[in-house]
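The values are calculated or read from the model by the stated rules, or taken from the named source; none is laboratory data. Predicted model only: the values in this text are computed from it and were never measured. FYI the Cβ positions are ideal-geometry reconstructions off the backbone, even for glycines, and counts take in every protein chain you see. Ligands, DNA and RNA are stripped out before the accessible areas are found, and what is left, the full protein with its side chains, is counted by its heavy atoms. Shrake-Rupley method; radii C 1.70, N 1.55, O 1.52, S 1.80 Å.
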Amino acid sequence: DVSIRKGWFFKETENETVKSADQIMDIYLKSVGRNANLLLNVPPTTRGKIHEKDSVALLDFATKREALLSKNILQKAIQNIAEPDKNNPTKKYSWYYILKEPATMRGLYLKEDLLYGQKIASLQITVSNKGESVFRKTITTVGNNRIILFPEPVQASEVAIVVLDSKGMPVMKEVRGF
């Protein structure tokens, strides 16, 4: 829980403390992007309206969020899913994406299908460009939302998501590269 300005209640003297769109985006990525909820307090003025500075910051945040997450570089990628079977029971649950041509990626958005509960305990993400690894990270839970922002944009032609530990069969509802 966080407030868009210094205090939980509106004070005209706190108009300069309104968080910027970048600050709100950082909070969003560190909460919603890590499978948590975000309760952003936006206190109304004494006239019952949202102050212009708060409104501008929220609209700018919405624009930045949409620009970041609306793209899906993996949408037209060739997808391959692997899972354990009777011939290879130790095989890992995996999702592989191969792009027709390299594209610039800033991160990944992952979402588990939670119909039967959250299953993924840990997984490894490897992003490669023409077979050469350009980003690798091991993360814990995915859950309803997991946003992995790369330290810097990378050229990518392949993405591998390999489940290292799960509590049953994981089902990925959505995987997007942006």
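Things to note:
- Within the range 1-18, the only residue that satisfies the criterion of being part of a loop (DSSP other than H, G, I, E, B) and more than 18 Å from Lys49 (Cα to Cα) is Asp1.
- Single unsatisfied condition, Pro84 versus (1) farther than 19 Å from Glu174 by Cα; (2) open to solvent by less than 70 Å² (accessible area, probe 1.4 Å); (3) at pLDDT 95 or above; (4) not acidic (Asp, Glu): (3)
- Condition check for Ser31 on (1) in a helix (DSSP H, G or I); (2) surrounded by fewer than 15 Cβ atoms within 10 Å (Cβ to Cβ); (3) among the small types (Gly, Ala, Ser): one failure, at (2).
This table checks each residue for (1) open to solvent by 20 Å² or more (accessible area, probe 1.4 Å); (2) in a strand (DSSP E or B); (3) of a type in the set (Val, Ile, Thr); (4) touching a helix residue (DSSP H, G or I) at 6+ places or on another chain (Cβ under 7 Å).
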{"position": "Lys71", "(1), (2), (3), (4)": "yes, no, no, no"}
{"position": "Lys111", "(1), (2), (3), (4)": "yes, yes, no, no"}
{"position": "Ser128", "(1), (2), (3), (4)": "no, yes, no, no"}
{"position": "Val142", "(1), (2), (3), (4)": "no, no, yes, no"}
{"position": "Leu149", "(1), (2), (3), (4)": "yes, yes, no, yes"}
{"position": "Ser157", "(1), (2), (3), (4)": "no, yes, no, no"}
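- Any chance Leu115 is closer than 18 Å to Val175 by Cβ, more than 17 Å from the chain's Cα centre (by Cα) and exposed (fewer than 12 other Cβ atoms within 10 Å of the Cβ): yes
- Selection status of Lys92, within 25 Å of Asn145 (Cα to Cα) and in a loop (DSSP other than H, G, I, E, B): yes
- Members of the range 36-69 found to be outside any helix (DSSP H, G or I), open to solvent by 50 Å² or more (accessible area, probe 1.4 Å) and touching a residue at least 24 places away in the same chain (Cβ under 8 Å), listed by number: Leu38, Leu39, Pro44, Thr46
- Per this entry, Pro102 is not counted among residues that are open to solvent by 60 Å² or more (accessible area, probe 1.4 Å), touching a Ser or Thr at 6+ places or on another chain (Cβ under 6 Å) and assigned to a strand (DSSP E or B).
- Taking every residue in the range 72-97 that is without any contact (Cβ under 8 Å) to a residue 12 or more places away in the chain and pairing it with any residue that is small (Gly, Ala, Ser) and part of a strand (DSSP E or B), at least 6 positions away or on another chain, the pairs with Cβ-Cβ distances below 7 Å are Lys91/Ala82.
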